Structure formats: structure tokens, C-alpha cells
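Written below as C-alpha cells is the structure these notes are about.
The values are calculated or read from the model by the stated rules, or taken from the named source; none is laboratory data. All of these numbers come straight from a predicted model, not from anything done at the bench. Positions of Cβ are generated from backbone atoms using ideal geometry, with glycine treated the same way; all protein chains shown enter the neighbour counts. All accessible areas refer to the heavy atoms of the entire protein, side chains included, with ligands and DNA or RNA removed. Shrake-Rupley method; radii C 1.70, N 1.55, O 1.52, S 1.80 Å.
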4 protein chains.
Amino acid sequence: MEHKELRVGLIGAGRMGADHALRLDQRISGVRLAAVADPDLDRAKQVADGTAARAVADPFEIIGDSGVDALVIASPGEVHEPLLLAAIDNDVPVLCEKPLTPDAKSSLRVVEAEEARGKRLVQVGFMRRFDVEYAELKRLLDTGDLGAPLMLHCVHRNAATPPGFTSEMMIYDSVVHEFDTARWLLDSEISAVTVRAPRSSSAAPAGLLDPQIVTIETARGAVVDVEIFVNCGFGYQVRCEAVGEQGTALVGGDSGPVIHRSGQWSGVVTADFRERFGAAFDHEFQRWADAAHQGEVDSAAADVWDGYAAAAACEAGVHAQVSGERTEVELAERPDFYAGG
Amino acid sequence: MEHKELRVGLIGAGRMGADHALRLDQRISGVRLAAVADPDLDRAKQVADGTAARAVADPFEIIGDSGVDALVIASPGEVHEPLLLAAIDNDVPVLCEKPLTPDAKSSLRVVEAEEARGKRLVQVGFMRRFDVEYAELKRLLDTGDLGAPLMLHCVHRNAATPPGFTSEMMIYDSVVHEFDTARWLLDSEISAVTVRAPRSSSAAPAGLLDPQIVTIETARGAVVDVEIFVNCGFGYQVRCEAVGEQGTALVGGDSGPVIHRSGQWSGVVTADFRERFGAAFDHEFQRWADAAHQGEVDSAAADVWDGYAAAAACEAGVHAQVSGERTEVELAERPDFYAGG
Amino acid sequence: MEHKELRVGLIGAGRMGADHALRLDQRISGVRLAAVADPDLDRAKQVADGTAARAVADPFEIIGDSGVDALVIASPGEVHEPLLLAAIDNDVPVLCEKPLTPDAKSSLRVVEAEEARGKRLVQVGFMRRFDVEYAELKRLLDTGDLGAPLMLHCVHRNAATPPGFTSEMMIYDSVVHEFDTARWLLDSEISAVTVRAPRSSSAAPAGLLDPQIVTIETARGAVVDVEIFVNCGFGYQVRCEAVGEQGTALVGGDSGPVIHRSGQWSGVVTADFRERFGAAFDHEFQRWADAAHQGEVDSAAADVWDGYAAAAACEAGVHAQVSGERTEVELAERPDFYAGG
Amino acid sequence: MEHKELRVGLIGAGRMGADHALRLDQRISGVRLAAVADPDLDRAKQVADGTAARAVADPFEIIGDSGVDALVIASPGEVHEPLLLAAIDNDVPVLCEKPLTPDAKSSLRVVEAEEARGKRLVQVGFMRRFDVEYAELKRLLDTGDLGAPLMLHCVHRNAATPPGFTSEMMIYDSVVHEFDTARWLLDSEISAVTVRAPRSSSAAPAGLLDPQIVTIETARGAVVDVEIFVNCGFGYQVRCEAVGEQGTALVGGDSGPVIHRSGQWSGVVTADFRERFGAAFDHEFQRWADAAHQGEVDSAAADVWDGYAAAAACEAGVHAQVSGERTEVELAERPDFYAGG
């Protein structure tokens, strides 16, 4: 009868972590931000400040701590593996920001660890699955209203990249969302990836292959094309048109007030992913917290296998980018434990 | 430092109350549903079931109760006045669903009580102010991007009415939102109301004047027309176009996936106000709870004066509907306590 | 077997006349511009220059001339009556730009003259009936797809007015289109007109009541509201939403390329009526010429009765504007000769 | 001074020819349909019937005939070459429906014949260049408003194919429009073509590879992707999004009335290319006729070199389709006579 809050430990206090701290502290019901861990302790303290959370430098200090019921991992992908293995070992539910880990091999180790544990604990933060429009697109495909799916046309644009952004990161940080979207919407593994690039935009930093067109093939014979353009200049735009045998559905079109002024009709493009997908993040976190309260994972979310499959697609994507060749994706056998799809 | 939850008592366990109970229990952060009051105790129990709340029949039992920090009133407007006066008397923050009270005279008594108390405690549930699109429209008008506002064109449609719905309720329950929207967007009191009706739709129950066109004049010389059509058949639709000296802005257009199928492009119309404005309700409640935590009211919300002004406009609206005449709105002098606008 | 061109005499060589001369000379098939008449002979010559037409000062010189098979009247409304009566007298088909004549009494004399002649010769230039979107809207209303019509919401905006434009002209030159649109779409005569104006835009010339909201009632109980705003600043915009018992249809929304640039999605608003309705004019003229070749009038076009009814509505409209009162429209009995509607 | 009609001979009285006969006879100004030629003389007679045209079986009978000033060729592409060579030889202006000829080698012979003649006489019927939206897109690219172009995303869908339609025809009859569109919009020759197909739709006839995704590279480093789906079921849809360094522009979105009914907002998809591009055909023909009157070709239209370049791209496209390989396009040197681009 007594209503108990889920005490969440946040690992990683960078831009994304700070955003999630705010989310957990102010918008998610039934949750208390209990701890913030970051090797940069000052940063951890800043994020914890004004909340009920304590700040620590060592993330392992809060994995298995009796005052922390569940974890959100928002640190760089490079350090995820040991954190995830420790969390699995300690039976702690985790919402892990993508990527699960930076490469397929290490992701597979997490798959194996969770399977060995015999209990699903880890969820991967592919938040598009929680966007109202994408969820409706998934529903349209699942009901068969559009007929069997044949193609997706995806567009993924950012206004500009931060310093140090590389062509490889365009696959690992950006297209990874389309890899997951394609797998999820089409209910099929990715079998091959090809990358073709027009000449780069003069707005892109020297050396960055921007934009690129990534072509994805799935095991069931669908083809997906993705424009990834991370210095498009005008804002953040994510769009997906699904083409089925009987019709199409498009999400991610323009929304918001329509203004007529100075010889134009117009509206505003969202500035970044936090604005565009803020509600999806909230929805994802609320569902995750509700499930964690019950000792479960959210069945709507991406699981560890999904994280592994995305990592494998990213590896193939970078190979395709560098080689200019169509690159097949090699996957391990899917354990029964992750049945579905 | 210790993070304490706001314990909320909910008064009214009807359809709206049940919806708000769910909201408070599952989606609003920092809040605990502590009590549910409804004269129909069984209904109160049903709503409280599965939450940490206790159920009571008498609402006055929870006003001033030391275990209830704040109140949400979702009971019929007819019983609001004594509840509000008791809450003010007990210094308890209240989020009161519209209407404040059913008529201007009683609303004015609430205004006077709160003013006498010398502290703002009551907020009225005009949730459109918390809708992302309406908020952006307000911003566009306030920045002057559209020039000084001259007109609003509003459309307010429901698929169908429940049994017993009357022409008068079309003003008090439906157009009341446009009264508040007009006052808020145009920052000006309503000075007169006229109602003109075409012949009624054959889909409307006998005796219901449906649709109607309500024309609103404001003190600053703007004119607002409102189509209210509560048996339009196809869904729930709320739209507002603001026309300024330099441009226009339209909110409430179609959204969601665009489907191409069977010779048509199409999309789905939202079914009811809870679907259309669900996120606005959440946003309103979260901000209210955050403010109540600080012992404050949300400055973005409608206050008691706004509730009174809407009640006065409704009275004029019903007079205009019955008489067919342009009806002026008589308002008391606005106390300095409610300065602004 | 031999293909003969329709030799058209154009009366009026102002801006509209010049536009129609170009249309007749270069875009309408089966037609030859044979004569251009304007009291300002130089202007007539300029318009005739480069075509096969001769220029004359006296319009009556070309009415009944054996070298002129049909007439287009684009001179000011004040001089239409004698021209029309002469054309009817000479059995010459006429496409007369609106208004038929400037007042109901004189329009009725044209009705009576044509009826006395016993042959339909005159068509009035309400070009919206030939716009693809309006025609589709008419079709939707006629098929009953939307249910019986209850309301129209119309918007009619111009960027700016030429010098000398008056409040009265807003009715006679602008709203006259909505009067015809309402009669045509709703298949019902106009029974009353009311005009209400917000404070005028600071962009409007001194003395001009701009914008205005014109409310039209029809004999069958529909209500139409029209925003007329002739100094809206941003371009030319004509929009109409029909609301029926089972649904609505909107025409006149934004069209053309959708651009994403500089943080905005946007498109271009058409600059004036010639751009917006140019194709409708072409379509109207081609159908008129094709019918005139057969010695007939185009049954899809507005006839003399329509011109008369519009003139009567304009008179009521100006009365309503000046008096602030709802003003009933008085119509003569409709002759069987103009059966329909 | 005397206004003389352009007497046009039409070669080919199939579906397209019949459509053009109607266009020439009824909608294009300054033109007379003088002759219709088709090996199936009955078909030629049917098309000529009701016009001033005579019907003949042998097309060469009307090439060089003193009663025929200009030619429209709407016969199958296989027979174009000798007709075009004869027209060039006789100095007769020609509007030739696409393709110029079915293969690059024969197209090059036409290029050489026209160059040898030293006078431009032949225009190729790529009508999209005359569509209002495409023309505006071209303007946006030429002014640099979008920055230098990097990509086009094209969609080309038909409801269903007639019997006998082959995968090869998807390139030659359908994608050929995108080849020309890409060359024209991007002002650059096509350098390579790749074709990738998802599994075919169950709605496609056995053996037809439908849909396909065609990737086009241009000499200046732009990349164009084209979805060609000729059994999409729901209607005819042609869409193009240009992506430049500073912004994007999309044409071919949904248009026409927006209907709200039965829980949906919706509109109608055009049924076929004649409905979608009818006005573009009219515009193309009128400009061609106007130019032919002056003994010139329309500089806005596709010329013989454009026809040759499209044929070469089609050859590469079919090779890419069959081989699955990226296929380079080999072009002859462009003669100075066809300078530009």
C-alpha cells in the first residue's frame, strides 16, 4: 500500500546526463534522483545540486549500493561495458543511453551476460520508439494498413556539428537511430549497408564526408535509404516515410503554428533533438521507471539484443563508408532468450 | 534538502476526476495522490484504488486536513464556491477545473475572498494556456511579430454530445475556453458577445442550437469569431487563427502521420479533448505542483480574476444566445491585487 | 468543317482589360481579338498593339459590328448598363466583368432586358467558379459528401489598397466575390447581411474601415462569415471552409514548394488575384468562347440573375456597414427564365 | 498585321496523341490541328473527327507538306528517328514526345543531323520543365537561395501498370523523367547510375521488379535517389526534394481541398500524369507554338542534346538494373551548337 519511490543513480553528468537529471528530478513520477556519478566530480556535483542526489566520482560506487534501485547510464559508450556487466551482476535495472557499447563484440558480451543471468535488466535508449508519431507509424505497419513494407525513406539532419565530429560518428551517433528504426519498424534484421556520398557541403568542416546517403537492406528484402546531413544549417529534422504494398505513411513533417507574414507562409524548424524528442524521452523514462518498480523491463523498449544488432550495423556502416563497398552485416545467432522480431 | 512530495487531495471522481487521478498518480513528478473525495463513495474508492490515496465522501473532510497539502477540484461547477472558500480559508493551494463557479456573482465572491486573504491560492484549469502551440501563438502576439492583433478566428468542434447537453452548456462548457483564450491572447477584457446560429444540424439532438457562431468584442477593439459545433461528427478539433496588423498565425491544424492510400492522402483527427490536450494537462499540473511546493501559484496559469471574467462572459453569451442581441459584458473593477492585462 | 475563329471585341483597356487582351490574344483557343474600345483611345491602341485588333474610342461602335462576334466588358461598372442593353439588343454574347452594374435596380433592368429578348447572352465574370479548388468544393457540396451545408468561413485578404480605395469598395469590389461564392456553393439566395469591424489596422489609409467581418445569412438557414482585410500586408489570400452536417472542406490553403532554410519551413504567398486566379480566368474565357461559338452561354458561369443578386447583396452590405445593423436583402421574384438555384 | 494560325500535323493517334489533338484543337491559341497521321488510319480518323484536320496513314505525307507548318510527334519512340530526320531535312519545327529515340546511338544521329542543318528545330517533350512547381524549384536552385545543390530525393509512383509493362520500361518510360529533371535542375550531366530493388510488391505483375531505387550521380558530384514504384496502388505521385548547402525545397506535395470527415482529414491523390501535369502540357505546347510562329524553338524546353543525354542515361540505367552494378554513362562530346549546361 505504501507508495515507494524508485531511487535512480545517474552515471554520466555531461550534456545528456544533465538533461536526464532534470528529467528524473522534475518530470518523471515515482522516481527520486538518488545519486550522480561522474569522474569529473565537480560536474557531478553541479548536476546533483538542487536535487536530493549525492554526487560521486566512481560509478561503481553506486552500482549495487542499497540506496540505488536502478541506473541510468549517460556516459560515453566506451565505458558502458563494465558498468553494464556490474549492473547485471548486481541485478539492477538499467536504462542505457545508446550505444549499448561501441562495437559488436563487446555488445555481444553484454548479451551473453544478461542471458547467463536469465533476467532482462538492460534497456537501450532508442527514444524514437516512444515518439507519438513513430509509434503510430509502427502501429500502421503492424496492422497491415499499408500492406507489407517495402521501403523506408529517412532523412536525418542537424544544423551543425560540434568540433571534432567525424564521418565515423555520423554512423555511430546519428545513423544508429535509423538502424534501430529500420529494425524496429520493419521487424527484420539488417543484412547489408552501403554508403554513397555526394561532394561534401562547403558548410561541413574539412575532412567530414557530409552529407552521406546510407542504403540499408533487411533480411526480409526491404530497402531503406537514409540521408544523413549533419551540417544542413537550418535546424534539426528527422523524417521517415514508410512505403508498403498498399500505401505510404510519412512522419516527421512540419508542425507548429503556420505564420503568414512578409509574402511568406512559414513555421519554425526545431533546433535540436532535445526539443524534437523531449516528450519521447519523458515517455521512455516514465515507462522504464514504472517497469523497474515492478522489477521488469519495458517490453516496448529496445533490449540488449537490439543494442547489439545496432552496433553490428554501425560497424558495417563504417566499413561501407570507408570502402565504398556494399558491406554485409554478420550477426551471432539470436538466443531464444531474446525471441521476437 | 530532503525532497518531500506534495500530497494532493482530489475532489470529484467523475470522468475528469478519474483522468486527473491517473495523471497525479502516474505522470506528475513530486506529487502523491493522498485523498479522493466524492459524494458517491464507491466512485471515490474506484478512483483511489491502486494508488496510495484514501477515499472519502465529504470533500470538506480533506480541506485543511494535515495530510493534504494541495487540492485539485474536478467536481461540478455548482459546488465549487464553498470548496474554494474553505480552501482559501485554510490556506491550501487549489487547481480548480473550469468553471471557477457557474456565475459571475459567485465568482466575484471568490475573487473577494482571495483578495481579502491577501495571497493567491487558486488557479483555474484553462489548460490551453499550457498547450505548446497556443503558448507559441501567445509568444508571437506578445513579441509583436504579427503586429497589433485585430481578430481571432476560432473553431471548436466535438464529434457528438452526451445525453442532456444543452445550448447553454455550449457556452458554459465549450465557448468558455475561447472566452479565456481571447482574453489571454489579446490581453484585453471581453466587452460584448453576440450569438448567431444557422439552422441546426440534423445530427444534433432536438432542441440543441448546434452549431452557433459566437462573436466576441474586446475592450481594445479586437473582434473574435468562434464556431462552436458540438455534433460535427468527425472528431475533436480546436483551431485558432490570430490576425495582426502585419501577419497571421494559425494553430490547431492537422498533425500526425500523413498516409497515402486508396486514392487519398489522409490523417487522423483526434477523438476528444483528452487526446488533443493531454500533454497540456500534464504540463499544467506539473507546473502547478512545482509552484505549490514553493507555496506559490503558477504565474502562467489563469487566476481567480480570469475565472470571474470568463463567468461574466458566459452569462452575457447565454443572454446573447437567447435574445439574439449583442450583449455587453459588465465587469467589476479589477482589484490591484490582480493587476496585469 | 471549316474552323472559324470567334472575333472578340474588348471594351475597357485598363489594367483588367489589358490582362484580358493578352489572354484573348495569346492563350484562348479559337478566338481572335478583333477590336479594343476605350474612351482613352491611346490606351485602346496600346492594348491593341501587336495583336490583330483595331482600336476605337466609342464602345458602341463595336457592338453590333459585323466583324465582332462577341464582347468582353472590362470597363468600370458605372458604364455597363447601356453596353449590356445594346449587346442584348444586338444579340451579341457578352462576358461582363463583375459587377453586372453598380446597383440592384439597374441590374434588374438588364435581367428584364435579357428575359424580354428570350435568350441568354450575358455571363458575369465571377471567375472563382472556374478555379479548380472551388469547383471541387462545389462538387463536394453537391454530392452530399459533407452533408447539408451549414456554414462557410471565408477569408479574403489583399496586401494593400490602391489610392482612393473606400470602405464601400471593400463590399462592391471584394466581398462581392464572397456573395457570389456563397450563393453558388450553398445554392441559396442571400437573405441578410451584417458587418462588424474591429479597430482598423494602422496599415490602412485613414478613414478606411479595414478589416471588417461580414456575416451573410442565406434563405436556407446557412451562415457565412467573411473576413475582408485589404491591407493585410503579406500578400493575396482567398480561403473558404465549408462546414456541412457530416464534415468540412477547406480550399485556398498554402501551396507551392515547401522550403526549409534558416530555421524555418516556408513558402510563398501569391501576390495578387491575377496570379492566384489566372488559370481560373483562362478556363472561364475558354469555356465562354467555346459556348459563344455554339451561340450559347456557359451553363457553369454566373448569369444575369446572379449578377443582379450580387448587386442587391452589395447594396445591403454597404447599408449594414454604415448603419451597423443587420440588413435584409430584398430581391425581385426570380423569373422562370432563370430557373435553378 | 494579319494573324495567321500555326497549322500543326500530329503524328501518332494513340492515347497520348489523342490527348494532344484535343489540346491543340481546343486549348492552344494560334494553332490549328491540320493533319493527323497514324498507320492505323481509323484511329487517325477518330482523332481528327470534329476538328479541321485531315487524317492520313503515312506520316511522311505530312512532313514537308505545304499545309503543315509544324509537327507534334506522339508515336512510339521506335519510329521517331526517320520522322525527326525528315522534319529536320524539311526545316519543320517539331515537338517530339519523349523519348527522342530509344537509344543513345540513334539519338546522337539526330543531334548530328540538327547540328549539320545549323538550326534548332526539335524540342523534346519533358513537360515537367513547364510545371509551375518544378519551374519554381529550378528558380530556387538557380538563384542560389538553397546554396549549391547536393542531393535530390525523388519519388515517382503510378497506381498500376498496363499489361505488358516491363522492368526496362520503368527506366525508359518513367525514370527517364527523373534523368531529365536531374540534369535540368542540377545543370550537370549524369555520370553514373545504380539500381537496387527491394523484394517486389505482391501487387506487381510476375516478373516486374517493382519498386526500384535508382541512384544517379552527376558530373558535379551531386547524388539523386529515385523511388520508382509503378504499382503503388493509391494513385499518381511525383515528388522532388532538392537539398542544397543552405536549405531544401520540396515540390509535389499534397494539394487540393482538405476534407475533415469520419475521423479523418484527407484529400485526393491525382489519378494519373495527365491530371497532374495537364497544365504543364498546355503551357509547354503554347510556348512551343508561340516560338514556332517566330521560326524559333522554346529556349526553356529540352533540346535534342537533352534527348540524347536522357537516352544515354536510360541505357546505363537498364544495364545497372540487369547487372546490379554501378554503371557509368558514356556521352559524346557536347557540340558548341548545344552550348549551355
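In the range B:134-168, the residues whose accessible area drops by at least 50 square angstrom when the other protein chains are added to the isolated chain are B:L150, B:M151; the probe is 1.4 Å and only protein heavy atoms count.
Compared with the dominant principal axis of the Cα atoms in chain A, helix A:104-117 is inclined by about 40°.
Distances, shortest first, from the label point of D:L41 to those at the same position in the other copies read 5.8, 10.2, 10.4 nm; the point lies 7 Å along Cα to C-beta.
Here, the protein assembly as shown is characterised by an Rg to Rh ratio of 1.00, where Rg is the alpha-carbon radius of gyration and Rh the Kirkwood radius. Looking at the range B:273-323, the pairs of alpha carbons with a distance over 16 Å make up 60% of the total. Projected label points at D:E296 and D:F60, each 7 Å from Cα along the beta carbon direction, are separated by 3.4 nanometres.
Averaged over peptide B:78-89, the number of partner chain Cβ atoms lying within 10 Å of each residue's Cβ comes to 0. Probing with 1.4 Å while keeping every protein chain in the model, the per residue accessible area of chain B equals 36 Å².
For chain B, the ratio of Cα radius of gyration to the globular rule of thumb 2.2 N^0.38 Å stands at 1.00. With K and R counted +1 and D and E -1, the other residues having a Cβ less than 13 Å from that of B:A182 yield a net charge of -3. In the protein assembly as shown, the DSSP beta bridges split such that about 60 percent are antiparallel, to the nearest 5. Centre-to-centre, using Cα atoms only, the range D:300-330 and the range C:8-31 are separated by 44 Å.
Once you reduce the range B:176-232 and the range A:46-103 to the center of their Cα atoms, the two points are 54 Å from each other.
Quick one: grab the alpha carbon gyration tensor of the range A:1-149, order the square roots of its eigenvalues as a ≥ b ≥ c, and give me rounded if a/c is under 1.5, else prolate or oblate depending on whether a/b is larger than b/c. Note, shape of the range A:1-149 comes out prolate.
For the set C:K45/D:K138; B:K98/B:K138; A:K138/B:K45; D:K4/D:K138, the pairs lying more than 28 angstrom apart at their alpha carbons are C:K45/D:K138; A:K138/B:K45; D:K4/D:K138. Placing a label point 7 Å from Cα along the Cα-to-Cβ direction at A:A160 gives distances to the equivalent points in the other copies of 3.6, 5.3, 5.5 nm, listed shortest first.
Spin-label model, D:V79 to C:A339: label points 7 Å out along the Cα-to-beta-carbon direction sit 5.1 nm apart.
Summarising the label geometry, the points placed 7 Å from Cα in the beta-carbon direction at D:Q26 and C:A332 lie 3.6 nm from one another. Please give the helix A:273-293 orientation as an angle from the longest Cα principal axis of chain A, in degrees from 0 to 90, rounded to the nearest 10. Approximately 40 degrees, to the nearest ten. What shape does the range C:84-167 have by the C-alpha gyration tensor, where a ≥ b ≥ c are the square roots of the eigenvalues, rounded means a/c under 1.5, and otherwise prolate means a/b greater than b/c and oblate the rest? In terms of gyration-tensor shape, oblate. DSSP beta bridges confined to chain C are antiparallel in about 55 percent of cases. Working note: Cα atoms of the range B:45-102, range along each principal axis, descending, whole Å: 32, 22, 17. Chain A contacts chain D over a buried accessible area of about 2700 Å², both sides summed; the probe is 1.4 Å and only protein chains count. In straight-distance terms, cross-link reach from C:K105 covers every one of the lysines whose alpha-carbon lies under 27 Å from its own, apart from those fewer than eight places away in the same chain; here that gives C:K119. Contact order for the range C:79-142, expressed relative to its length and based on alpha carbon pairs under 8 Å spaced 6+ residues apart, stands at 36 percent.
With one equal scatterer per alpha carbon and no solvent term, the Debye-computed log10 I(q)/I(0) for the range C:134-272 at 0.10, 0.12, 0.20 1/Å reads -0.38, -0.54, -1.16. For the range B:6-90, the orientation-averaged shadow of the C-alpha convex hull comes to 4.8 nm² (one quarter of the hull surface).
Ranked by solvent-accessible area (1.4 Å probe, protein heavy atoms only, all chains present), the residues B:H80, B:H319 order from largest to smallest as B:H319, B:H80.
The relative contact order of chain A comes to 19 percent, based on Cα pairs under 8 Å that sit 6 or more residues apart. Expressed as a whole percentage, what fraction of the accessible surface of the range D:146-209 belongs to carbon and sulfur atoms when a 1.4 Å probe is rolled over the protein heavy atoms? So the carbon and sulfur contribution to the accessible surface is 58 percent. The range C:190-216: which residues show an accessible-area loss of 40 Å² or more, assembly versus chain alone, 1.4 Å probe? When all protein chains are present, C:R196, C:P198, C:R199, C:I213 each give up 40 Å² or more of accessible surface. Distance from the alpha carbon centroid of the range A:243-296 to that of the range A:131-145 works out to 14 angstrom.
Summarising the rotation from chain D to chain B, the nearest chain D beta-carbon to the axis and its distance in Å are given as D:S266, 2. Roughly how tilted is helix C:132-143, in degrees to the nearest 10 and between 0 and 90, from the longest Cα axis of chain C? Rounded to the nearest ten degrees, it is 70. Summing Lys and Arg as +1 and Asp and Glu as -1 over all other residues whose Cβ lies under 12 Å from the Cβ of A:T166 gives a net charge of -3. Interface burial in the range D:226-242 reaches 10 Å² or more for D:E227, D:F229, D:C232, D:F234, D:Q237, D:R239, D:E241, comparing the full protein assembly with the chain by itself; accessible area from heavy atoms with a 1.4 Å probe. For the range B:194-319, the relative contact order works out to 14 percent when only alpha carbon pairs closer than 8 Å and six or more residues apart are counted. Taking only the C-alpha atoms of the range D:221-337, Rg followed by Dmax gives 19.3, 61 Å. Here the dipole of the range A:51-95 is about 180 debye; that uses its Cα centre as origin and unit charges on the Cβ of Lys and Arg (positive) and Asp and Glu (negative).
What's the carbon and sulfur percent of the range D:210-341's accessible surface, probe 1.4 angstrom, rounded to a whole number? Using a 1.4 Å probe with all protein chains present, the range D:210-341 comes out at 45 percent carbon and sulfur. The Cβ shell under 10 Å around A:G9 holds other residues with a net charge of -1, Lys and Arg each +1, Asp and Glu each -1.
With 5 Å bins beginning at zero, the pair-distance distribution over Cα atoms of the range A:219-267 amounts to 4, 13, 16, 19, 17, 14, 9, 4, 2, 1, 0 %. Highest mobility in the GNM of chain B, judged by mean-square fluctuation with C-alpha springs under 10 Å and restricted to B:D42, B:D282, B:D298, is found for B:D42. With its label point defined 7 Å out from Cα along the Cα-to-Cβ axis, B:R326 lies at 1.3, 7.3, 7.4 nm from the matching points of the other copies, in increasing order. The antiparallel fraction among DSSP beta bridges confined to the range D:94-218 stands at about 65%.
Computed over protein heavy atoms with a 1.4 Å probe, the carbon and sulfur contribution to the accessible area of the range D:1-128 reaches 49%.
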